[in-house]
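The values are calculated or read from the model by the stated rules, or taken from the named source; none is laboratory data. Small disclaimer: the values here were computed from a predicted structure and weren't measured. Here the Cβ positions follow ideal geometry from the backbone for every residue, glycine too, while neighbour counts run over all protein chains shown. For accessibility, only protein heavy atoms count, side chains too; no ligands or nucleic acids. Shrake-Rupley method; radii C 1.70, N 1.55, O 1.52, S 1.80 Å.
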Amino acid sequence: MNGAELVIDCLQKEGVDVMFGFPGGSVLDIFDLLNKSEIKLVLVRHEQGAAHMADGYARSTGRVGVCIATSGPGATNLVTGIATAYMDSIPMVAITGQVPTPMIGNDAFQEADVTGITRPITKHNYLVKSTDELPAVIKEAFYIARSGRPGPVVIDIPKDVQKAKSSKRYPEKHEMPGYKPTVEGHVRQIKKMADAIKAAKRPIIYAGGGVLLSGAWDELRELVRKTGIPVTTTLMGLGAFDEADPLSLKMLGMHGTKYANLAVCEADLVIAIGSRFDDRVTGRLDQFAAHATFVHIDVDPSSISKNIEVHIPVVGDCKHVLAKLNEIVEPGDYAAWIEKVAEWKAKYPLKYQQDENGPIKPQYIIERICAAVNGNAVVTTDVGQHQMWAAQFFTHRYPRSFCSSGGLGTMGYGLPAAIGAQFGNPNKRVVCFAGDGSIQMNIQELATAVDHRLPIVVCILDNRYLGMVRQWQRLFYGRNYAHTCLVDTANRSGEPRIDPKSESAPPPYHPDFVKLADAYGAAGLRVDKLAGVQAAIDQALAETTRPTVIDFIVAPEEDVWPMVPSGAAIHEMIDESDYTLL
Amino acid sequence: MKHIISVLVQNKFGVLSRVANLFSARGFNIDSLSVGETQDTSTSRMTIVVEGDDRVLEQVTKQLNKLIDVIKVIDFQGGEFVDRELVLIKVNATATTRAEIMQMVDIFRARIVSVREKHFTIEVTGTEDKISAFLDLMRPFGIKELARTGKVAIARA
């Protein structure tokens with residue numbers, strides 16, 4: 001077989017049935033065969049979309065997502081998507097074409113040092129120098145991508161390597177003397193953990209994306225059932241624990257619930273499971289659960305004691321460690337603590353004010369959609385205010401059903417991720433929440449969704465602002481809305497000027513998302529009155545063969561509350577009421 | 001705090017830059033880095049000397065361990081190990097100073113590896129202390145050029 005045939009053969013043996021990509025000179029040999037193979041290639045409109053689709057596919061299915069691009073600009077366009085997957089530990093294999101080996105380093109047409117460029121944002125990467133290496137490299141790449149702490153792997157394949165023949169085939173085993181992730185937790189450490197749980201008075205579980213990556217949600221539920229310890233999750237961990245459960249404290253951190261943050265700060269035992277003490281979670285480090293004993297389960301040893309000094313570290317896969325813990329764990333006496341937590345929960349609910357005749361509040365839309373799908377949909381988001389509202393006001397009940405760029409915070413992630421998720425879950429409803437700013441960062445993928453007749457519901461929470469940045473400007477920059485208004489602005493303070501009568505001014509809605517949806521062949525709806533919200537949602541959910549874009553015109557200056565100001569401790573949350581408009 | 005870190009890696013393309021990247025991405029200045037094949041041609045050993053905060057370096061060591069091509073990482077701090085460095089020195093040597101230089105070379109068990117009309121090239125291996133002592137003695141004669149390998153280290157046990 002030649003190199004390209006080997007690629008297809010090995011991918012099929014890895015069980016790949018769909019990949020996302022865009023052709024070009026340096027991958028034509030592979031594309032030529034893809035068309036004749038069992039693997040479905042989803043043609044994207046921009047390579048960044050391909051990487052995010054592979055990511056959304058991976059997050060929502062737990063399988064390795066695969067994307068492919070040509071050399072040079074094709075490969076560099078993947079970079080943001082690869083970095084996004086890297087920051088959130090998402091299993092992905094990205095295949096890139098490369099100029100022929102004799103031309104590498106000559107500044108050939110469409111040449112870029114892809115292994116060099118992607119080194120800091122991949123778990124591992126390869127430049128395949130001979131066709132003989134190819135099968136072993138593909139085998140290793142998939143194993144590396146999904147094992148241990150998952151992550152993206154890039155395989156850069158020069159054109160002549162794709163053309164040359166080799167007798168090597170997909171190997172049975174891989175040989176990597178330096179790579180042996182620790183899966184099983186140390187028995188003694190697990191015992192220590194169980195002892196700490198028994199002795200604690202005010203324990204809390206802080207679950208992260210690792211619970212979802214290792215498929216440990218049943219084990220987590222079992223632990224909670226056995227002990228009755230309340231659970232808060234990170235943004236990445238949403239869905240790891242059913243938020244309808246009375247012991248769920250929803251999300252913690254910068255825009256977490258007040259009750260989760262208070263509970264963490266008052267806890268005497270913090271059980272961190274597959275989470276990494278990110279700064280958006282901990283706030284000021286020295287005041288994060290200052291009096292607690294820290295237990296940390298993580299498959300990645302470098303994640304332990306990186307930000308917080310951990311007292312009982314357990315290196316191992318969450319699923320395995322929790323299963324072992326569940327065999328021996330016993331609850332302590334938490335009655336007073338549970339009562340206190342329930343009190344906080346009742347006293348500080350997430351809230352917003354929806355006036356009947358006022359502008360539509362974005363939180364209301366999210367609640368309506370959550371109700372319409374009964375909490376059972378794959379939700380994807382871009383990055384910004386809408387992302388935090390989707391985290392707060394959607395009731396996340398099911399694992400692997402919330403896909404959002406947490407670590408890198410990539411605007412433009414949501415729509416392509418929704419497409420990837422829909423390919424991975426053809427029978428599920430997929431809803432993408434986006435802002436009017438972020439949707440424009442990858443809106444071209446509407447074409448991909450239309451081509452494949454995907455009934456994705458794209459909800460644009462359109463406030464005509466780059467809302468999260470505007471919120472920071474309001475709070476920390478004296479309400480100087482410098483370049484955050486996305487429509488015509490009347491003055492330097494960034495007040496939007498929506499004046500349909502003025503001929504020189506751009507139209508009030510630009511782009512007109514309804515017309516744009518129409519131009520792409522999707523359904524487009526605009527809702528600017530509260531009364532229209534439900535009907536639009538119902539109409540969108542009734543579509544089965546094409547995406548619907550709903551342009552919800554929402555209250556322009558609504559902010560995300562509560563909020564921990566950057567650099568503050570997480571119990572020092574501020575609320576709308578703490579802040580008067582400047 | 002100075003750390004001597006020994007990293008056993010697979011002898012593969014790109015490994016050196018992966019390892020060096022981990023230090024530079026955290027703003028560490030590598031004092032020296034030396035690499036060579038081991039008894040097994042499929043592996044290489046890197047000896048890295050770096051100055052840095054202990055806690056942060058512990059993190060770097062953990063990150064090094066995470067690299068796919070890294071087989072073993074040892075931070076020699078406090079442990080039993082032997083380390084050496086090789087330095088080549090081109091030093092001015094005139095008719096009047098030749099004898100004196102040769103005497104010192106002898107005392108230090110260094111070697112003169114090249115003789116020219118106006119200079120010697122001297123090879124010296126040893127610990128950091130020995131080499132700096134030797135360099136101090138040579139300096140008055142006028143060191144014209146100098147090349148050093150950086151430390152290599154190996155555990156005693």
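Inside region A:209-317, counting only helices (runs of 4 or more DSSP H) that do not spill past its ends, which hold 3 or more residues that are more than 14 Å from every other protein chain (Cβ to nearest Cβ) and under 27 Å from residue A:576 (Cβ atoms)?
By residue number, A:258-266, A:279-282.
Is there a residue being within 20 Å of residue A:418 (Cβ to Cβ), away from chain B (no Cβ under 14 Å) and open to solvent by less than 10 Å² (accessible area, probe 1.4 Å) anywhere in region A:98-112?
Checked against the condition, which is being within 20 Å of residue A:418 (Cβ to Cβ), away from chain B (no Cβ under 14 Å) and open to solvent by less than 10 Å² (accessible area, probe 1.4 Å), region A:98-112 yields no hits at all.
Only one residue in A:278, A:298 is open to solvent by 10 Å² or more (accessible area, probe 1.4 Å), touching a residue at least 60 places away in the same chain (Cβ under 8 Å) and out of contact with any helix residue (DSSP H, G or I) (no Cβ under 9 Å at 6 or more places or on another chain), so which one is that?
A:278
Would you please list the contacts, defined by Cβ atoms under 6 Å and residues six or more apart or on different chains, that run from a residue in region A:394-405 that is open to solvent by less than 10 Å² (accessible area, probe 1.4 Å) to a residue that is of a type in the set (D, E, K, R) and in a loop (DSSP other than H, G, I, E, B)?
A:396/A:243
If you go through region A:146-153 one residue at a time, do you hit one that is open to solvent by 20 Å² or more (accessible area, probe 1.4 Å), within 11 Å of chain B (Cβ to nearest Cβ) and either in a helix (DSSP H, G or I) or acidic (Asp, Glu) (or both)?
The answer is no, given that none of the residues of region A:146-153 is open to solvent by 20 Å² or more (accessible area, probe 1.4 Å), within 11 Å of chain B (Cβ to nearest Cβ) and either in a helix (DSSP H, G or I) or acidic (Asp, Glu) (or both).
Among the numbered conditions (1) open to solvent by 10 Å² or more (accessible area, probe 1.4 Å); (2) farther than 22 Å from residue A:1 by Cβ; (3) away from chain B (no Cβ under 14 Å), tell me where residue A:92 comes up short.
Going through the list (1) open to solvent by 10 Å² or more (accessible area, probe 1.4 Å); (2) farther than 22 Å from residue A:1 by Cβ; (3) away from chain B (no Cβ under 14 Å), residue A:92 breaks only (1).
So, of the residues in region A:164-185 that are open to solvent by 100 Å² or more (accessible area, probe 1.4 Å) and more than 14 Å from chain B (Cβ to nearest Cβ), which turns out to be nearest to residue B:73 (Cα to Cα)?
Taking the candidates together, the pick is A:184.
Checking the condition modelled with pLDDT of 95 or more, touching a Gly at 6+ places or on another chain (Cβ under 7 Å) and away from chain A (no Cβ under 14 Å), which residue from B:91, B:70, B:87 passes?
B:91
Residues that are more than 23 Å from residue B:38 (Cα to Cα): which strands (runs of 3 or more DSSP E) entirely in region B:51-157 hold 3 or more of them?
Fully inside region B:51-157 and qualifying: B:81-92, B:111-115, B:119-126, B:143-148.
What is the residue count in region A:40-56 for residues that are open to solvent by 10 Å² or more (accessible area, probe 1.4 Å) and farther than 15 Å from residue A:77 by Cα?
Qualifying residue count for the region: 2.
Which count do you get for residues in region B:1-35 that are more than 14 Å from chain A (Cβ to nearest Cβ) and under 24 Å from residue A:133 (Cβ atoms)?
1
Return the total of residues in region A:436-463 being within 18 Å of the chain's Cα centre (by Cα), open to solvent by less than 10 Å² (accessible area, probe 1.4 Å) and not acidic (Asp, Glu).
Count: 8.
State yes or no: is residue A:86 within 14 Å of chain B (Cβ to nearest Cβ), open to solvent by 40 Å² or more (accessible area, probe 1.4 Å) and of a type in the set (Ser, Thr, Tyr)?
yes
Considering only residues that are aliphatic (A, V, I, L, M) and open to solvent by 20 Å² or more (accessible area, probe 1.4 Å), look in region B:28-70 and name the one that is nearest to residue A:304 (Cα to Cα).
Filtering first and then ranking leaves B:56.
Hey, any hits in region B:135-157 for a residue that's of a type in the set (Lys, Arg) and either surrounded by 19 or more Cβ atoms within 10 Å (Cβ to Cβ) or closer than 30 Å to residue A:137 by Cβ (or both)?
Yes; the residues of region B:135-157 include at least one that is of a type in the set (Lys, Arg) and either surrounded by 19 or more Cβ atoms within 10 Å (Cβ to Cβ) or closer than 30 Å to residue A:137 by Cβ (or both).
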